[in-house]
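The values are calculated or read from the model by the stated rules, or taken from the named source; none is laboratory data. Because the structure is a prediction, the values reported are computed rather than measured. Don't worry about glycine lacking a Cβ; one is built from the backbone with ideal geometry, like all the others, and counts go over all protein chains shown.
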Amino acid sequence: MATQHSRSAARLMMAPAVVLLLGWMLIPLSMTLFFSFKKYLPLRGDSMANGLEWVGFANYTRFVGSSAFWPSVQATLTIVGGVLIITVVLGVLLALLLNQPMWGQGVVRILVIAPFFVMPTVSALVWKNMFMDPTNGLLAYLWKFFGTEPIAWLSQASLPSLIMIVSWQWLPFATLILLTAIQSLDGEQLEAAEMDGAPSIKRFWFIVLPHLSRAITIVILIQTIFLLAIFAEIFVTTGGAFGTKTLSYLIFQRVLESQNVGLGSAGGVYAIILANIVAIFLMRIVGKNLDA
Amino acid sequence: MGQIQLNQVTKSFGDVQVIPPLDLTIEDGEFTVFVGPSGCGKSTLLRLIAGLEDITSGHIAIDGTDATDVPPAKRGLAMVFQSYALYPHMSVRKNIAFPMRMAGIDQAEQNRRIDAAAKALNLTDYLDRRPGQLSGGQRQRVAIGRAIVREPAAFLFDEPLSNLDAALRVGMRLEISEMHERLKTTMIYVTHDQVEAMTMADKIVVLRAGIVEQVGSPLELYQRPGNTFVAGFIGSPKMNLIEGPEAAKHDAATIGIRPEHIDISETEGTWQGTVGVSEHLGSDTFFHIQSGLSAEPLTVRAGGERKLKYGTEVFLTPQIEHLHRFDQHGLRIA
């Protein structure tokens, strides 16, 4: 890519992809912004053809003013935080375990990764009906076996249940990335630490964990992006009831259940802002691990 | 203090025995080098001494006390690894401090030892850098520093210079020898490079397939190799080994003669040959001479000024008093 000629040829070749990607991103974004400043209630006869009424920031104030807004932000952050903690901690432990030489390693690794291949809708339904159902669920049987009253998971402990379901889906991803990171650790470093008098707990703390820091950063960043937008799991389990209404679920309700496109669009802009705030925080905390 | 004794030590990986029963004593303060071709078990032997591998049978004693089942950290040995094994996320200071931190030595003493080690190893200006910002030689020094501050009973080096370029290697070789003179601590050094072994060792242990072929001082090994393997392995360029009728004339199955013990002449001599490639090193010249005596050409050392054209017919005369004789099992005769 040295000569003038090859550089301009490269630009020409890349142009279609860049234009397509930009369009893909910019058109929905600008339409969301456009609708968020309009009154747009399709059931009341509003349509693009009739021209939409400009309402300024009314949608924005109404969206924040709703009693559902702050609880939804809280629910979103709780789910994201809970799932991140569970997947990273268990992911590190599972990766350590899977890194041990054992019989049937290949099969076990595939089994561990398996949940990631199950669609979110399906896995949430499986959890809801097979495990968490208060009368027929496996967990209910377990509770009865020990002589206690079964828990109605999705209504009594709705947020923890959702966190459990989503963690189950994302744990393989975390484990996989952390496992490859552990495998790249130089064995001589561990041996050196052993000779230096570090018992296994300290070897983990001073050698393995710092080595994993970059992989953990990547797991946290990627998962956060996806977890901020989880929807299917909530839709098929609680339907947003019992305090599980996340920001993305609230937007869905405003647009499709209340048929208020303008209000939903304003919510969408808030979701973008929230995602950016979270991203900036994460970058501040863990981003420095990506340097060097 | 640091006398290390191996008693009937064996090591097997599954069904494969890599170290057959082996006895070896390393005296306190000695610089011992394990040398041998790759895969001869020298690194395994070092790791057995370090405790990083469990021995299959036998006993290891350090300073007279049995250390067979003592974990590596408690053996009082420090090891320098081939890859240096520095902790990449810690500064040089923290790397060097790590073993002391694990041992719970107080901060003032830690700093004193770090500063002393840094000064001895020319690392004072680099204490706050990360290993990734250092050159190969500096990393090597950090690894040595990390070993020194523990004040171990013995140092174990696992091919520490093999990742350095040739010039640095010569420098580090001198530094390690210097350090040994200063500290007078037992050192065990593993290498496949017989030059390192010859230049640094008090005692060389030549290994082949886990078996100790010969133990002795560098000059002993050079002057009186116990068998054909040691004869061929120690010394650079290699000793010329000749089998067949020429050896039989000297009542041996194999005779060996070092390149410097053959006189070369264009007019007369015992053996006849043709000059092949000549290597001019300035101080010496090595001629590779094709003769009917052995499949490989004979190597002959001559003075630096000596010049012989490719293809010249020459005569060679071995110095009989420097001839090594070996029997049909490869063992030295007298």
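Conditions tested, residue by residue: (1) in a strand (DSSP E or B); (2) out of contact with any strand residue (DSSP E or B) (no Cβ under 6 Å at 6 or more places or on another chain); (3) modelled with pLDDT of 90 or more; (4) within 15 Å of B:Leu241 (Cβ to Cβ).
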site: B:Gly269; (1), (2), (3), (4): no, no, no, no
site: B:Val275; (1), (2), (3), (4): yes, no, yes, no
site: B:Glu279; (1), (2), (3), (4): yes, no, yes, no
site: B:Gly282; (1), (2), (3), (4): no, yes, no, no
site: B:Phe286; (1), (2), (3), (4): yes, no, yes, no
site: B:Ser294; (1), (2), (3), (4): no, no, no, yes
site: B:Leu308; (1), (2), (3), (4): no, no, no, no
site: B:Phe315; (1), (2), (3), (4): yes, no, yes, no
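Look at (1) of a type outside the set (Asp, Glu); (2) assigned to a loop (DSSP other than H, G, I, E, B); (3) over 21 Å from the mean Cα position of the chain (by Cα) and you find that B:Gln17 fails only one, number (2).
Screening B:Thr254 with (1) among the hydroxyl-bearing types (Ser, Thr, Tyr); (2) over 27 Å from B:Arg208 (Cα atoms); (3) in contact (Cβ under 8 Å) with a residue 60 or more places away in the chain gives one miss only, at (2). For the range B:302-310, the criterion of a residue being under 26 Å from B:Arg224 (Cβ atoms), surrounded by fewer than 16 Cβ atoms within 10 Å (Cβ to Cβ) and either in contact with a Phe, Trp or Tyr (Cβ under 7 Å, 6 or more places away or on another chain) or touching a residue at least 40 places away in the same chain (Cβ under 8 Å) (or both) is satisfied by no position. For A:Ile163, indicate whether it is more than 14 Å from every other protein chain (Cβ to nearest Cβ), of a type in the set (A, V, I, L, M, F, W, C), farther than 30 Å from A:Lys128 by Cα and assigned to a helix (DSSP H, G or I). No.
Checking the structure you have, find out if any residue of the range B:56-77 is at pLDDT 85 or above, buried (at least 20 other Cβ atoms within 10 Å of the Cβ), assigned by TED's automatic domain parsing to the domain that holds B:Thr191 and of a type in the set (D, E, K, R). Yes, the range B:56-77 has at least one match.
Identify, please: which residue in the range B:54-82 is in a loop (DSSP other than H, G, I, E, B), of a type in the set (Gly, Ala, Ser) and touching a residue at least 60 places away in the same chain (Cβ under 8 Å) and is, among those, nearest to the other protein chains (Cβ to nearest Cβ)?
Keep residues of the range B:54-82 that are in a loop (DSSP other than H, G, I, E, B), which gives B:54-56, B:63-64, B:67-71, B:76, B:81-82.
Subset that is of a type in the set (Gly, Ala, Ser): B:64, B:67, B:76.
Now restrict to residues that are touching a residue at least 60 places away in the same chain (Cβ under 8 Å): B:64, B:76.
Details: B:Gly64: 22, B:Gly76: 10 Å.
Filtering first and then ranking leaves B:Gly76.
Looking across the range B:125-140, the residues that are away from chain A (no Cβ under 13 Å) and surrounded by fewer than 24 Cβ atoms within 10 Å (Cβ to Cβ) come down to B:Asp125, B:Tyr126, B:Leu127, B:Asp128, B:Leu134, B:Ser135, B:Gly136, B:Gly137, B:Gln138. Scanning the range B:89-108 for residues that are assigned to a loop (DSSP other than H, G, I, E, B) and within 22 Å of A:Leu209 (Cβ to Cβ), which turns out nearest to the other protein chains (Cβ to nearest Cβ)? Step by step, filter the range B:89-108, then rank; the result is B:His89.
Just give me the residues in the range B:109-124 being touching a Ser or Thr at 6+ places or on another chain (Cβ under 9 Å) and either within 14 Å of another protein chain (Cβ to nearest Cβ) or crowded, with 18+ Cβ neighbours inside 10 Å (or both), in sequence order.
B:Ala118, the sole residue that qualifies.
Right, A:Gly267: in contact (Cβ under 8 Å) with a residue 40 or more places away in the chain, over 23 Å from A:Val122 (Cα atoms) and touching a strand residue (DSSP E or B) at 6+ places or on another chain (Cβ under 9 Å) or not? No, not satisfied.
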